[in-house]
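Derivation of every value follows stated rules applied to the coordinates shown; laboratory data play no part. Here the structure is a predicted model, which is why all the values come from computation and not from measurement. Glycine gets a Cβ as well: all are built from the backbone with ideal geometry, and neighbour counts include every protein chain shown.
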Amino acid sequence: MFGSTYERESAFPDEVWQERTGAAASGADRAMFVAEEGEGLVGCAGALTDEEGVAKIIAVWIAPEARGRGLGARVVGEALAWCRAAGKPFARLLVTADNDTARAVYRRVGFADTGRTAVLDRDPPILELEMEVRL
């Protein structure tokens, strides 16, 4: 589950998407990795360096029809390789507490729970768990 909604993201003007795409393409402080099948995208995982210099894995998604084939671990693995190449000692992510499938994927690539939590401001609020992996 993403921290945003379709309604919020689809309301952004083209300029926002062009900036995000350009920033990810530059590789300076963020990158996006995708899984493709045929001519379609079936998954993604992003990586960025936040304002404190911490590597974060974001926007992980696998299309329902492509789940269960290891694509989640592959795109997250690519994002982690980018973090490693950027010299980051660890990477963190947030995952909703009820998403056992995603948590299992993250554990498979080395993430562990940190014990820290956050509340996703929704109605109703959603609990997110922080996970971290040493690179």
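A compact table of results
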read-out	value
Nonlocal amide H pairs with residue 120, under 5 Å, H built at 1.01 Å	126, 127, 128
Spin-label model distance (nm) - residue 63 vs residue 112, 7 Å beyond Cα toward Cβ	3.7 nm
Anisotropy class of the stretch 80-135 from Cα gyration tensor, a/c 1.5 cut	prolate
